[in-house]
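Inspection log for the structure reproduced underneath, given as structure tokens.
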Amino acid sequence: MKILLIGSGGREHALAWKIAKNDRVEKIFVAPGNGGTAIEAKCENIDITDIDELLSFAIGESIDLTIVGPEDPLTKGIVDKFKEKGLKIFGPSKRAARLEGSKSFSKDFMKKYGVKTAEYEVFYNHQEALEYLNKCPYPTVVKADGLAAGKGVAICENKEEAVKAVNSFMIDDIFNGAGQKIVIEEFLDGVEASILSITDGKTIIPFISAKDHKQVFDGSKGPNTGGMGVSAPNPFVTEEVLKDFEENIMNNTLQGIREEGFDFKGIIFFGLMITKKGSYLLEYNVRMGDPETQSVLNLMESDLLELIESALNEDLENAEVKWNTGACVNVVLASKGYPGSFVKGYEITVDNEVKDKVFIAGAKLEDGVLKTNGGRVLSVVGIGKTVEEAREDAYKSIEKVNFKEKYYRSDIGLV
Ligand code: AMP
Ligand code: GLY
């Protein structure tokens, strides 16, 4: 099989590594890929990101299956375009991808199908949004409707902060249109969990739970990032939480997908807030999480390609996903300064003994030398019987991966 994998993050390096394990896979083209997929078994990077060019490439190379990593091409309709040409592709249609691409769309979907979520109001009009801020309880949460690269959510402690957020989203237009419509919602206090899952539109199979660490500094302080590390399973996701999730979030979501007639053969990722009053859905993502994928796939014993094929054949009902009973922790090594400004181009050295524990994200291969090229540079993975063991393993390996201005949180996996 020839596979086309779209994306360039640590998530895609982990996906490529996992898919390559299947003996039927001959070649994986990664578009555009990174310094890790450049040297991963069976992989070759191709420098294409435009959807029409990807389509021409897939036709020209007789690609057997395309797998889409990030949300951007999904919300732009890459799945519909590939399918029109009779190509096999794993991911939701443009319509279904709005579950991630539009917050108001996804909140209305949750409400319609009784998925447990925070109370909210949608605003198109700046004046009405400001009036609402006079009477809503604080803290409150202001969200840009469209995609804003993970920066579109402002937690506001008081009216002054909320007015500032609403003005910057709606008037200053800091998200280039994505904040013209906004959602203002109830603040929920609790701990977060990421539950990635696979669906064929008829069945949803949840993966092992994961705990992202979104803020840049230890103790979950400082600005939000794309994610500084992940432990899986998430210690807060007990049997009871899982049952609540299935009954009040997952099953209702599936019913909604069916009733709306969504063409959804892909990944659905539930971002949960576990509170004293049970679990609430904060958001859907229609793709794997990054860096959740790096931990989750390291614990997946089943063959991912076969699972994807089963979803494409609408046969997940008969599929089973096997998991390692232990734990995995991945710690992100970032460039100092991230998520603000940082310097790129430093050489990265990885000792041989930890080579298979490193998943590359923002780094590229230049004349055979791996160099930093982004904020989140790579993830180092540790495995163990418990999260504590996995954590120790990951932090031991970090010492064997070096580059100038290497920064990482020291508390990933600590509860
Ligand atoms: P989202 O993009 O909707 O997942 O929001 C990004 C982050 O903002 C989440 O991971 C939470 O940390 C936080 N967040 C979003 N909605 C809420 C809420 N209603 N209450 C508290 N925190 C929230
Ligand atoms: N790590 C969170 C995300 O991928 O959205």
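The values are calculated or read from the model by the stated rules, or taken from the named source; none is laboratory data. Predicted, not measured: the structure shown is a model, and the values here were computed from it. Glycine gets a Cβ as well: all are built from the backbone with ideal geometry, and neighbour counts include every protein chain shown.
A few remarks follow.
Results for (1) more than 16 Å from ligand 2 (Cβ to nearest atom); (2) assigned to a loop (DSSP other than H, G, I, E, B); (3) surrounded by fewer than 17 Cβ atoms within 10 Å (Cβ to Cβ), shown as yes or no for each residue.
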| site | (1), (2), (3) |
| --- | --- |
| LYS107 | yes, no, no |
| GLU121 | yes, no, yes |
| LYS143 | no, no, no |
| GLY150 | no, yes, yes |
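- The residue pairs whose first member lies in region 170-191 and is within 30 Å of GLY413 (Cα to Cα) and within 16 Å of ligand 2 (Cβ to nearest atom), whose second member is not in a helix (DSSP H, G or I) and not hydroxyl-bearing (Ser, Thr, Tyr), and whose beta carbons are closer than 6 Å, counting only pairs six or more residues apart or on different chains, are VAL191/PHE236; VAL191/ILE274.
- Scanning region 19-45 for residues being in contact with a helix residue (DSSP H, G or I) (Cβ under 9 Å, 6 or more places away or on another chain) and under 22 Å from ASP80 (Cα atoms) gives a total of 4.
- Verdict on GLY179 being over 20 Å from the mean Cα position of the chain (by Cα), within 16 Å of ligand 1 (Cβ to nearest atom), assigned to a loop (DSSP other than H, G, I, E, B) and buried (at least 22 other Cβ atoms within 10 Å of the Cβ): yes
- Subset of region 268-316 (residues that are in contact with a Leu (Cβ under 7 Å, 6 or more places away or on another chain) and assigned to a loop (DSSP other than H, G, I, E, B)): VAL286, ARG287, MET288, GLY289
- Each residue in region 258-279 was checked for being surrounded by fewer than 22 Cβ atoms within 10 Å (Cβ to Cβ) and either more than 12 Å from ligand 1 (Cβ to nearest atom) or farther than 30 Å from GLY382 by Cα (or both), and 9 of them qualify.
- Selection count where residues are surrounded by fewer than 21 Cβ atoms within 10 Å (Cβ to Cβ), of a type in the set (Val, Ile, Thr) and touching a helix residue (DSSP H, G or I) at 6+ places or on another chain (Cβ under 9 Å), scope region 351-397: 2
- Single residue of LYS88, LYS151 found to be of a type in the set (Lys, Arg) and modelled with pLDDT under 95: LYS151
- Reported count of residues in region 205-229, each being surrounded by fewer than 21 Cβ atoms within 10 Å (Cβ to Cβ), away from ligand 1 (no atom under 14 Å from the Cβ) and either in a strand (DSSP E or B) or among the hydroxyl-bearing types (Ser, Thr, Tyr) (or both), is 3.
- Search result, residues across region 389-411 that are without any contact (Cβ under 8 Å) to a residue 60 or more places away in the chain and of a type in the set (Asp, Glu): GLU392, GLU399
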